[in-house]
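Engineer: Here it is, the structure, as structure tokens.
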Amino acid sequence: MFDSGTLQLAKIAGIPIRLHWSFVLIFLWVGYQGWQDRISIPQILYLEFYVITLFFCVLLHEYGHALVARKFGHKTRDILLTPIGGIARLESISEKPSQEFWIAVAGPMVNIVIALLLGAFMLLSGPSEFFERAAAFPESDASFKSFLPLLMVSNVILAVFNFVPAFPMDGGRILRALLSLKWSRLRSTRIAARIGQFLSLVFLIFAALQGHWMLILVSLFIFFTAASELKQVQWETVLGQKNAGDLMISRFTTLDAESPMILSMELIQKGMERNFIVLKDGQIFGSLSMSDIIDAMKKNGHGQPIGEYAHPNLFPVTPDQSLKKVLHLMQASGHPLLPVVHMNEIAGVIDESQINKYVEIQLKAGADRMLAREKPLT
């Protein structure tokens, strides 16, 4: 979700900030609502500026997650801004309850700090009746005095809303972290996900009755993301029980980087193998996937050397590495096939499609219920 149609705005603290194309819809919606309510152009522009400022606070919220995650050794791929909020997309999620707790808490705490700073500034500046001004917005005057109270209240609302235990929101992750102190991560995720989906349905009904389209989108996002994250944890639980050596294929074909592509084309036409390890001077050079071979076919590259289409920088794995780590390495490197090396020799290969098939079989057999009895992480 949200993997395409993004624009990188900046890179701060080593973390790219991306804007999804749909973000512009919120400005169009604000303008349309202002036109329907027949408010003045300055007030519509004021509302647009408020949206920009509020999303700056959302960005700081996501940086709270990202920087605390970095402290625990988890990198953030990017921070994505969408009409329904911000998403700090971590490369890996901590499975330690204490770390997940603090990473989740960090975001709403940033909003609380912003609200406290704004409140302190207004008290020191001596504004009067700022809560009344915020409640009357946008009918109130578009002034600095009415803007700060509204922004302060908005940050309080953001913090409170994010503390709602609707997984995968921050409150839901806090709930899972606390449940993980007693139960397994899988069971804790299942409980948190079901609670999150129930609350999302409550939000959805309320939003539909009140006509709040934004809350409708958030409710749907929570419902489907909770299901997606539960499935991901089910996968990771199954993967964590087996090592590369358990699933590696000991009979495999290697290709020489100097050989013509026609050789690999003939092999996939026989249907025996889809992905291959490529060697150069007897050493591991890279991998050649079925999509690479098809690409060569389209370009009429039958006589070209295999090395021109192979992907280099192939990192081998050891037989005792867990399938979970192996799959993460495949996804991060883009190699669908990895060599399994033992005693400096290639003992076998492990294929991404093979791992996926294994997990699907285990889940269909009800392995997730059996694995839910595992001991919680400490």
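Engineer: Looking at (1) farther than 23 Å from H328 by Cβ; (2) free of Cβ contacts under 8 Å to residues at least 12 places away in the same chain; (3) not small (G, A, S), which one does K231 not meet, given that it meets all the others?
Structural biologist: (1)
Engineer: I would also like to ask the following. Residues R38, R18: which one is free of Cβ contacts under 8 Å to residues at least 24 places away in the same chain and among the basic types (K, R)?
Structural biologist: None of the other options fit; the residue is R38.
Engineer: Now a separate question. Which of the residues spanning segment 86-102 are under 28 Å from S4 (Cβ atoms) and not hydrophobic (A, V, I, L, M, F, W, C)?
Structural biologist: Of everything in segment 86-102, those that are under 28 Å from S4 (Cβ atoms) and not hydrophobic (A, V, I, L, M, F, W, C) turn out to be G86, R89, E91, S92, S94.
Engineer: Does S200 meet the test of being surrounded by fewer than 20 Cβ atoms within 10 Å (Cβ to Cβ), of a type in the set (G, A, S) and not assigned by TED's automatic domain parsing to the domain that holds L158?
Structural biologist: So S200 does not fit the description; no.
Engineer: Consider R89 carefully, then state whether it is free of Cβ contacts under 8 Å to residues at least 24 places away in the same chain, surrounded by fewer than 19 Cβ atoms within 10 Å (Cβ to Cβ), assigned to a loop (DSSP other than H, G, I, E, B) and not hydrophobic (A, V, I, L, M, F, W, C).
Structural biologist: no
Engineer: Considering only residues of segment 1-50 that are closer than 28 Å to T225 by Cα and among the small types (G, A, S), which is surrounded by the most Cβ atoms within 10 Å (Cβ to Cβ)?
Structural biologist: For segment 1-50, the residue satisfying everything is S22.
Engineer: In segment 224-264, what residues are closer than 15 Å to S289 by Cα, within 36 Å of the chain's Cα centre (by Cα) and part of a helix (DSSP H, G or I)?
Structural biologist: S264
Engineer: Would you please list the contacts, defined by Cβ atoms under 8 Å and residues six or more apart or on different chains, that run from a residue in segment 281-301 that is part of a strand (DSSP E or B) to a residue that is loosely packed, with under 13 Cβ neighbours inside 10 Å?
Structural biologist: G286/N313
Engineer: Still on this model: Is it fair to say A310 is in the same structural domain as D256 (by TED's automatic domain parsing), at pLDDT 90 or above and more than 30 Å from the chain's Cα centre (by Cα)?
Structural biologist: no
Engineer: From V105, V68, which residue is assigned to a helix (DSSP H, G or I) and closer than 19 Å to I17 by Cα?
Structural biologist: V68
Engineer: Checking W29 against (1) in contact with a strand residue (DSSP E or B) (Cβ under 9 Å, 6 or more places away or on another chain); (2) assigned to a helix (DSSP H, G or I), only one condition comes out false. Which one?
Structural biologist: If we test W29 against (1) in contact with a strand residue (DSSP E or B) (Cβ under 9 Å, 6 or more places away or on another chain); (2) assigned to a helix (DSSP H, G or I), just (1) comes out false.
Engineer: Output the residues belonging to segment 291-332 that are closer than 16 Å to I355 by Cβ, of a type in the set (A, V, I, L, M) and surrounded by fewer than 18 Cβ atoms within 10 Å (Cβ to Cβ).
Structural biologist: L329, A332
The values are calculated or read from the model by the stated rules, or taken from the named source; none is laboratory data. Computed from a predicted structure; not experimentally measured. Glycine gets a Cβ as well: all are built from the backbone with ideal geometry, and neighbour counts include every protein chain shown.
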